[in-house]
1. Being touching a residue at least 24 places away in the same chain (Cβ under 8 Å), β-branched (Val, Ile, Thr) and open to solvent by 50 Å² or more (accessible area, probe 1.4 Å), is that true of even one residue in the range 343-356?
2. Go through the residues of the range 428-435 one by one and say whether even a single one is of a type in the set (Val, Ile, Thr), more than 25 Å from the chain's Cα centre (by Cα) and open to solvent by less than 20 Å² (accessible area, probe 1.4 Å).
3. Give the residue, chosen from Glu174, Glu116, Glu123, that is more than 19 Å from Val83 (Cβ to Cβ) and of a type outside the set (A, V, I, L, M).
4. Looking for whichever is buried (at least 18 other Cβ atoms within 10 Å of the Cβ) and touching a Leu at 6+ places or on another chain (Cβ under 8 Å) here; the options are Leu239, Leu252. Which one fits?
5. Yes or no: Ser353 of a type in the set (Ser, Thr, Tyr), at pLDDT 90 or above and in contact with a Phe, Trp or Tyr (Cβ under 8 Å, 6 or more places away or on another chain)?
6. Would you pick out the residues in the range 435-483 that are among the β-branched types (Val, Ile, Thr) and outside any helix (DSSP H, G or I)?
7. Report yes if Ile28 is modelled with pLDDT under 95, open to solvent by 20 Å² or more (accessible area, probe 1.4 Å), in contact with a Cys (Cβ under 6 Å, 6 or more places away or on another chain) and not charged (D, E, K, R), otherwise no.
Amino acid sequence: MHDNVHTIRPYTHTLNIAKDQDKIYAWIDAGLPLSTTSNEACKLYDASVTQASGMYDEPSVGGLEECTKKMIGADPKFVMGHVFANSLCLGGPEKPLHLNTDLKTKMDALNALVQESQITDRERKHVNALNMCAQGKRYAAVKLWEDILVDYPTDLLASRQAFLSLLNLGMPKENKDITTRVLPSYKKDTPGYSIILSWQAFCLEENNFYDLAEKTAKQCLEMERRETYATHALSHVYLMQGQHEKGIEFILSTEDDWSRACYMACHNYWHLSLAYAEKGDFTEALGIFDTQIGPRTKKSKSDFNLTDATGLLYRLKLEGVDVGNRWSVLDETCDVYMYGHGQMFTEANLLLSCCHNQDKSKRYTLLESLKQYGKNDSEDWDSKKIVSEVGVPLCEGIVAFEDGDYSKAVELLYPIRYEIIKIGGSDAQRDVCYQLLIHSTLRSPKQEHNRLGRMLLSERRVAKESDSWTDRLMAQFVTSHST
């Protein structure tokens, strides 16, 4: 944001840290003035937003959590500082405001501060968007962040909030369009450029522009080899095209570049294990769970890591792999989010985690709780509609499959297969739902379901020509239904 900047992270992004006396003016020069008189608060705001967007902890500023605390301490009345701090509590599996007293307390404090502060129109829009998000009205929040980006396309926080929200809402086209619109406003030396480019690569992949996504991710990594989201995007490209050997080689060869990015490392290890699993190398896949995914999930208690861990183990279960007692590694983390009902993708994975338990009551209790949440008429929030229209039939299908009622599972899952995207997550993450549908069709006693399964496998073969998973299922189909 200013000519006089220096890199404070020894292994990746340039944080926009100018000399203390220049920091406020650096934000003004960038067209993004901050309503605070504290240079230190400006500096730490920059460091916090950059870490959160790059998904890493920078040791020289104490990591994201400590850096955010220091920022608020430098100016307790810094509105955008509180906006950012509160944004870290949103966009995931949290309950909407009226069901979440801790979140309500934080948002009430922010809104009270706004009433006594002189802030810019851009900052006020940030506050309004965060209020919408906290109320569970994420579509409205995204519209406000989009409005900010029309006039302030290099506002990295607005881009981050829109990007993560649209990812959680299952809206990849809209996500791609936003990153595409703001990208021309960045130059190579504009702070945050490599981050935006990495998001663009991922959005291109999620819209099936695999060649362009690969080119964009590689361009980003040439600029900043430790831009973890670009590594992640390129891993998706290889996975979705069935290029598993290429993906494994790439992930392993760059491990030193991304393994310290604490918020994404587990997910990249998940990509590595998934590549082995799709190849049919289940021993390697389980080994990565044992050394990386399981321990990282247990330590972090992260819902992001949890969904990766459950998705992997359930895929292996569908393949008939004995995963032993590995599900128990996830129990403590599952308990943190059970019955939260904030993010449907998390809910579906929590139900998958319940299915390893011989006591079926837990899965039925979770399903019933989800149904009641979707029926709640006291408030209107976006996730309620997603839960009732997509989440409930999806989870009913999972339970039917686990109960051995495969025909019912097909009848529940097949009609919503194009709607499952609304639960959020990536194509690769949601693929476990489609795999479950195909397994249901092949195990159903109804011949029409078997024929449907064969057609779904053929469809998958066309979309993903190199797919050993499809080959294995096709072989099972031929063996099971040969006359």
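1. no
2. No, that holds for no residue.
3. Glu174
4. Every option except Leu239 fails the conditions.
5. Here the answer is yes, as Ser353 does meet what is asked.
6. Of everything in the range 435-483, just one residue is among the β-branched types (Val, Ile, Thr) and outside any helix (DSSP H, G or I), namely Thr483.
7. Answer is no for this residue.
Residues checked against (1) modelled with pLDDT under 95; (2) open to solvent by 20 Å² or more (accessible area, probe 1.4 Å); (3) in a helix (DSSP H, G or I); (4) within 21 Å of Asp303 (Cα to Cα):
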| position | (1), (2), (3), (4) |
| --- | --- |
| Ser369 | yes, yes, yes, yes |
| Glu389 | yes, yes, yes, no |
| Ile398 | no, no, yes, yes |
| Gly404 | no, yes, no, no |
| Ala409 | no, no, yes, no |
| Leu413 | no, no, yes, no |
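The values are calculated or read from the model by the stated rules, or taken from the named source; none is laboratory data. Predicted, not measured: the structure shown is a model, and the values here were computed from it. No Cβ is skipped: glycine too gets one built from the backbone with ideal geometry, and neighbour counts run over all protein chains shown. Only protein heavy atoms, including side chains, enter the accessible area calculation; ligands, DNA and RNA are left aside. Shrake-Rupley method; radii C 1.70, N 1.55, O 1.52, S 1.80 Å.
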